[in-house]
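Data first, discussion second: the structure below is written as structure tokens.
The values are calculated or read from the model by the stated rules, or taken from the named source; none is laboratory data. Worth saying up front: this structure is predicted, and the values here are computed from it rather than measured. Counting neighbours? That spans all protein chains shown, and the Cβs are built from the backbone with ideal geometry, glycine included. Remember, those area values only see protein heavy atoms, side chains included, never the ligands or the DNA or RNA. Shrake-Rupley method; radii C 1.70, N 1.55, O 1.52, S 1.80 Å.
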Amino acid sequence: RVYASGVKKAVIDRDTDLLTGPEMATHRSDVVSADLEEFKTWLKYSCFERCPRKDTRNIIDCRWVRKWKVEQKDDGSRLWYIRSRLTVRGFKDREADRLGTYAGTSTRYSQRMVASTAAIYGWDLASADINKAFLRGVSYDELSEMTGDPKRDVCFDLPQGSLEALRSLPGYEDFDPATETLRC
């Protein structure tokens, strides 16, 4: 928006709590710990493995999304901590233009219809959330078996500064990004 005074204002204001560069430098050990927790989660769900770089052709880069999160304690106090999410930039996938990307969701109108119908008939209504749903998805082997499509080979390179956390995982102590990459 442009006002008579000439001042511009963003149409959408977002309070994202993203860490700034100076905050990441000040809280470097907390950032590394948060990165390590994310790697442990990915490892827990077998989301990646190391592989020789020379055997791959579809390598995608990643980036970290690091945010301040707050946890409400029982005594009413609040604990601030850093949450890291590793995001693989799928739009750079060599096969992106050949992949289906439809993700069905319900509209606000249909959600209201369900809630209204449940209220009229006195039905109980519940919702559920699957923790780490994306990381719990099917493997490329399972997907190939279900669809009959060829097995995909997708690898990713870590953002700069991620080696310290990765190398603290069992089996990755000697990981060399010059000769290796991570296979999804």
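Assorted remarks:
- Members of region 159-182 that are under 20 Å from PHE91 (Cα atoms) and either open to solvent by 40 Å² or more (accessible area, probe 1.4 Å) or not in a loop (DSSP other than H, G, I, E, B) (or both): GLN160, THR181, LEU182
- Residues (closer than 20 Å to LEU135 by Cα and either open to solvent by 40 Å² or more (accessible area, probe 1.4 Å) or β-branched (Val, Ile, Thr) (or both)) located in region 91-101: PHE91, LYS92, LEU99, GLY100, THR101
- A Cβ distance below 6 Å, combined with a sequence gap of six or more or placement on separate chains, defines the contacts here; from region 126-142, residues that are assigned to a loop (DSSP other than H, G, I, E, B) reach residues that are open to solvent by 50 Å² or more (accessible area, probe 1.4 Å) in the pairs LEU135/TYR45; ARG136/TYR45.
- Matching residues, region 65-77, being in contact with an Asp or Glu (Cβ under 7 Å, 6 or more places away or on another chain) and of a type outside the set (Phe, Trp, Tyr): LYS67
- Test: residue in region 21-28 that is part of a helix (DSSP H, G or I), at pLDDT below 95, of a type outside the set (Lys, Arg) and under 28 Å from ASP141 (Cα atoms): no
- Residue in region 138-148 that is among the β-branched types (Val, Ile, Thr), at pLDDT 85 or above and open to solvent by less than 80 Å² (accessible area, probe 1.4 Å) present: yes
- When every residue of region 80-90 is checked against the conditions, none turns out to be loosely packed, with under 10 Cβ neighbours inside 10 Å and out of contact with any Phe, Trp or Tyr (no Cβ under 7 Å at 6 or more places or on another chain).
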